[in-house]
Amino acid sequence: MTEEKKKIKMAVYWGAACGGCCVSVLDVHESLFTVVEHADLVFWPIALDTKYADVEAMEDKSIDLTLFNGAVRNSENEHMAHVLRKKSKVLVAYGSCAHMGGIPGLANLSSKKEVFRRAYHDSESTVNPDKIEPQTVTEVKEGTLTLPEFYEEVKTLDQVTDVDYYLPGCPPNTARLVEVFLAVVTGAELPPSGSVVGASDKPLCDECKREKSDNKKVKKFYRPWEVQDDYKTCLLEQGIVCMGPATRSGCGARCIEGNGPCRGCYGPTKDVVDPGAKMMSAIATMIDSNDEEEIKKIVESVVDPAGTFYRVSVPGSIIRRKVS
Amino acid sequence: MSYEPKIVGFLCNWCSYTGADLAGTSRMKYPSNIRILRVMCSGRVDPTFVLKAFREGADAVLICGCHPGDCHYHEGNYKCLRRYHVLKKYIEQMGIDPKRLRLEWVSASEGKQFAALVEEYTQQIRELGPCAVKEELDKGEKKKETVDADLAKTA
Ligand code: SF4
Ligand code: SF4
Ligand code: FES
């Protein structure tokens, strides 16, 4: 065998995640061979049995590329974020949860107390007569048991450590991942730290094939199941809240292709601080009335602004959780 | 010291700011609780401005624009009115009392009305007490020391 090519060291980790991001890495299909040809996977809990202690023992900056997916919900997630930051040359917030909080971030619309009450007491499937809640430290006769601390709020990765790049999506489009991966292994010049990679600066509407007019006017907003889609007109123009105008393109408009509205998983377009604020502006422009009472009625038809405009970005937004 | 609310005011250049100016040049008295920012039109008030004001410690936000039909840019105040109702619904979901956001029309000649409005609104917010956003959200911010302390455990 000829001299082995120098491989990069790569890690994939999940914080508060659904597993979808790790699966999106597997979705590279045959390209997985390209990946393993160029990279040694040194840590990937979904697939390999590397222990945290093994990672902690690695040399600092010895991992070339870490894809961190999932939000930071508890002290274990945060600890691994710190460790992986220290051990990695390039740390990527991979997917909507690491980027902006994602679907787990919707928990920021409730307090920790409310989450615990629902999960350990009130939920229909819970039987908990002794009212037991998880404790970080429990003494038993065999010794001390510990659990990670569940935080008051869900955080984004960059709220607990420094992040080099953001690769957005729920999950990221696999083709984008391969592009970014190849850029790293071929030693191509990387964009400035802090950039969003694997996405475009333009809004999704530019990439969407639905017919759209410039004059969007709406008398009532609908939830997707309340109205029959005509399968060709822009969803917003049909009154279905679609995050397209406030969202980066790069996904290939895959939700629209499936006749569903965009939920904003690629995050806000360039220079937009708050994704929901941008969408609130867009919606306000579309409301077809100048009469205050009628405006109020139309606004009522936007059932859940926080959960709709910030579906995947509550922790990454300006008012990042509900206050008491 | 008794609690004094901080109110951020976004006033449009053509009517409301001129109205506030009139209140000033006519030496009318109104509480200094309001911090006024001049914008060209109430339609320029991006929801981001309002959210940032709350995030940075405003107890209330008051937006003032020209009366309906009088906007220098024709439609700006209607746009603002629509945004305002969407925003109110959103901030309420985030635990911010919607009374903390208010929109009023003030013309260039309504200096007196402006002074009375600020007086009345300041009193209302004073009774409502401080807005919790800044204090609560400041708490959870990233701290370098926590990173170091956490990593020290593994060293
Ligand atoms: S709003 Fe949605 S459906 Fe309409 S053009 Fe934009 S992405 Fe397409
Ligand atoms: S259409 Fe929107 S929600 Fe769907 S994948 Fe693309 S960015 Fe994400
Ligand atoms: S210029 Fe006054 S509201 Fe538009």
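The values are calculated or read from the model by the stated rules, or taken from the named source; none is laboratory data. Being a predicted model, the structure only gives us computed values, none of them experimental. Ideal geometry is used to build each Cβ from the backbone, glycine not excepted, and the neighbour counts take in all protein chains shown. Ligands, DNA and RNA are stripped out before the accessible areas are found, and what is left, the full protein with its side chains, is counted by its heavy atoms. Shrake-Rupley method; radii C 1.70, N 1.55, O 1.52, S 1.80 Å.
Overview of results
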item: Within region A:234-324, chymotrypsin sites (Phe, Trp or Tyr not before Pro) in DSSP loop having at most 15 other beta-carbon neighbours inside 10 Å; result: none
item: Integer Hz, Karplus 6.51/-1.76/1.60 couplings in order for region A:155-163, x for Gly and Pro; result: 10, 7, 4, 6, 7, 10, 7, 7, 10
item: Rounded, prolate or oblate (a/c below 1.5 giving rounded, otherwise prolate when a/b exceeds b/c) for region B:25-92 by Cα gyration tensor; result: oblate
item: Among A:246, A:277, A:57: highest mean-square fluctuation, GNM of chain A, C-alpha pairs under 10 Å; result: A:57
item: At 1.306 mPa s and 10 °C, Stokes D of region A:14-163 from Kirkwood alpha-carbon radius, µm² per second; result: 92 µm²/s
item: Cα centroid separation - region B:46-63 against region B:83-115, whole Å; result: 11 Å
item: Residues residue A:135 and residue A:293, FRET efficiency given R0 of 41 Å [Cβ-Cβ distance, rounded to 0.05]; result: 0.20
item: Region A:204-309, relative contact order [Cα under 8 Å, separation at least 6], %; result: 30 percent
item: For residue A:196, residues with placed amide H under 5 Å, excluding near neighbours; result: A:166
item: Per DSSP, loop trypsin sites (Lys or Arg not before Pro) in region A:1-59 with at most 14 further Cβ within 10 Å; result: A:5, A:6, A:7, A:51
item: Charge-dipole axis of region A:204-309 as Lys and Arg at +1 and Asp and Glu at -1 on Cβ define it, positive-most pick from A:261, A:290, A:307; result: A:261
item: Whether region A:204-309 is rounded, prolate or oblate, judged on the alpha carbon gyration tensor where a/c under 1.5 counts as rounded; result: oblate
item: Gaussian network model of chain A, Cα within-10 Å springs - most flexible of A:189, A:207, A:142; result: A:142
item: Percent RCO, i.e. relative contact order, over chain A, from Cα pairs under 8 Å lying at least 6 residues apart; result: 18 percent
item: Helical mean residue ellipticity (222 nm; -39500 (n - 2.57) per DSSP H run of 4+; nearest 500) of the protein assembly as shown; result: -9500 deg cm²/dmol
item: Kirkwood Rh, angstrom, chain B [1 / mean 1/r, Cα pairs]; result: 16.7 Å
item: Threshold 30 Å², region B:65-102 residues less accessible with all protein chains present than alone (1.4 Å probe); result: B:78, B:79, B:81, B:82, B:83, B:85, B:86, B:89, B:90, B:93, B:94, B:95
item: Gain on full stretching of the segment that runs from residue A:201 to residue A:62 - 0.36 nm per residue minus C-alpha separation; result: 46.9 nm
item: Portion, in percent, of the accessible area of region A:31-160 that falls on carbon or sulfur, probe 1.4 Å; result: 54 percent
item: With every protein chain in place, chain B: carbon and sulfur % of accessible area (1.4 Å); result: 53 percent
item: Signed unit charges on C-beta, dipole axis of the protein assembly as shown, positive-most listed residue A:200, B:17, A:94; result: B:17
item: Cysteines in chain A that, by Cβ-Cβ distance, have no pairing candidate under 4.7 Å; result: A:18, A:21, A:22, A:97, A:205, A:208, A:234, A:242, A:251, A:255, A:262
item: Most fluctuating residue given options A:230, A:130, A:54, as computed from a GNM of chain A linking Cα atoms under 10 Å; result: A:130
item: Charge context of residue A:311, other residues only, Cβ under 12 angstrom, K/R +1, D/E -1; result: 0
item: Centre separation in Å (Cα based) which lies between region A:302-324 and region A:93-129; result: 14 Å
item: Cα pair count fraction exceeding 15 Å, expressed as % - region B:109-155; result: 69 percent
item: Rounded if a/c under 1.5, otherwise prolate or oblate - chain A, Cα gyration tensor axes; result: oblate
